[in-house]
1. Got the relative contact order for the range 29-401 handy, in percent, Cα pairs under 8 Å and 6 or more residues apart?
2. Hey, fewest Cβ within 10 Å first, where do ILE150, ILE174 land in order?
3. In nm², what is the average projected area of the convex hull enclosing the Cα atoms of the range 120-257?
4. Give, as a single signed number, the net charge of other residues whose beta carbon lies under 11 Å from the beta carbon of LEU345, with Lys and Arg counted +1 and Asp and Glu -1.
5. Normalized C-alpha radius of gyration of the chain, against 2.2 N^0.38 Å?
6. If you plug each phi of the range 290-304 into the Karplus form 6.51 cos²θ - 1.76 cosθ + 1.60 with θ = phi - 60°, what whole-Hz ³J(HN,Hα) values come out, in order, with x for Gly and Pro?
7. Binned at 5 Å from 0, what are the whole-percent values of the Cα-Cα distance distribution for the range 360-408, short to long?
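No lab work stands behind these numbers, since they all come straight from the coordinates. Nothing here was measured: the structure is a model prediction, and the numbers come from that model. Here the Cβ positions follow ideal geometry from the backbone for every residue, glycine too, while neighbour counts run over all protein chains shown.
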Amino acid sequence: MDGADNRVQALGIRGPQAAVRALPDSPRAWLMAATAFFSCFTIFGVVYSFGAFFKPMAAEFGQSRAHTSAVFSITACIYNLLGLAGGHLADRFGPRPIVITGAFAMGAGLVATSMAGSLWLGCVAYGLGVGVGVACVYVPMLAVVSGWFIKRRTTALGIAVSGVGGGTLVVAPIAAALIVHLGWRESYAILGVASALGLLGCALIIEAPPAHMTPAVAPMHLTAAMRTPEFAMLYAAGVLSSVAIYMPFVYLPDFAHGRGASQVAAAALVGVVGAASVAGRLGIGTIADRAGIIPLYKLSMLILGLSYGLWMVAHSYAALAVFALVMGAAYGAMIALSPAVVAELFGVPGLGALIGALYTSSAISALAGPPLAGFVIDRTGGYTWALALAGATAVAGFLIIVPLRNAGHSISIAGQGC
């Protein structure tokens, strides 16, 4: 313990308890990773259960697939766009007040959605409430975890973002069962109260990394980082690959239900995607240590695109489950690796704002992708062309990032003007 005490005293922190609490990769750091897991579980359990609500909402409001999918698309667009603001505010004021804001926004938005009298009111209530809620939680939490770790950062981030898959696995089938017994309105009200309480609990625990965790280098200027070729490649790939990421959460339950699966069984396929993504996220740390973060990120995006070939030829529930497993594992690995790739290329200072800036790429595909797919499905009477489009976009994203190389924090952007 003497060595730890000396390290902490050299940083201006006194006492053995401070050493245990403040050192990177400490038990306190792992508590932050666990809290981030639960927060991701909560917000994305709600978001990715939308497929279970899709058909009953469309039926009640008498709307097409393209129009109903706009509820999800607007929400994903909002939280991807506002992730930049959430990350920046958390960097400046600390994560706790931002997460508290997200808790109230999500709870209020879901309760308001349960009372919506028309689809457009549902878009406003759900889009603003859930969109702001996710933006105030996801990016700030990832930045916190990144800052608390040095040696085990990739593993810790994998654990944190596996909450996305865990929430998808658990909440989607529960939501479908609630809808069957209570209706979609009452189900959203229940999810609203539960999610707000869960996020408030996370806000009480989470805390920003101590100042000494940040490497002694000048923080990057966001606009300078955005002008680098590396950022441009990641951004373009994010726009394209997100089309493939969002498709199953909107349309896979509807596809399976149309081929004879029960409503709960159809929603359970989204849970399979979530379970596979958990495996992809948790197993990624060890593999990344051997294969490298950036090469593995490229491979994950390629597999994501190719997995759509399995959906296109699926004629049974078992075949759809295989697609869900492959797609979920690839998608989970991508999400786990994404913040680690950013930290690898650009370093940790200002990471929250930079991750948020990159995630705005998904806003474009979220806003356009599901409604466009719904339009194609409604016009062609089938899913083939929509699935081909989704798979091709992810493969195109992979081709864009093929030249990406490990910069080893050598991208020199500090001091280049805002």
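1. Numbers: 749 pairs, mean separation 111.2, N = 373.
Value for the range 29-401: 30 percent.
2. ILE150, ILE174
3. Values: hull surface 46.3 nm².
The number I arrive at for the range 120-257 is 11.6 nm².
4. Details: positive: ARG405; negative: GLU230, GLU344.
Neighbourhood net charge equals -1.
5. Numbers: Rg = 20.8 Å, N = 418, 2.2 N^0.38 = 21.8 Å.
For the chain, the normalised Cα radius of gyration comes out at 0.96.
6. Coupling constants for the range 290-304: 8, 8, x, 5, 5, x, 5, 4, 4, 4, 4, 5, 5, 4, 4 Hz.
7. Calculated over all Cα pairs of the range 360-408, the distribution is 5, 18, 20, 20, 15, 10, 6, 3, 2, 1 percent.
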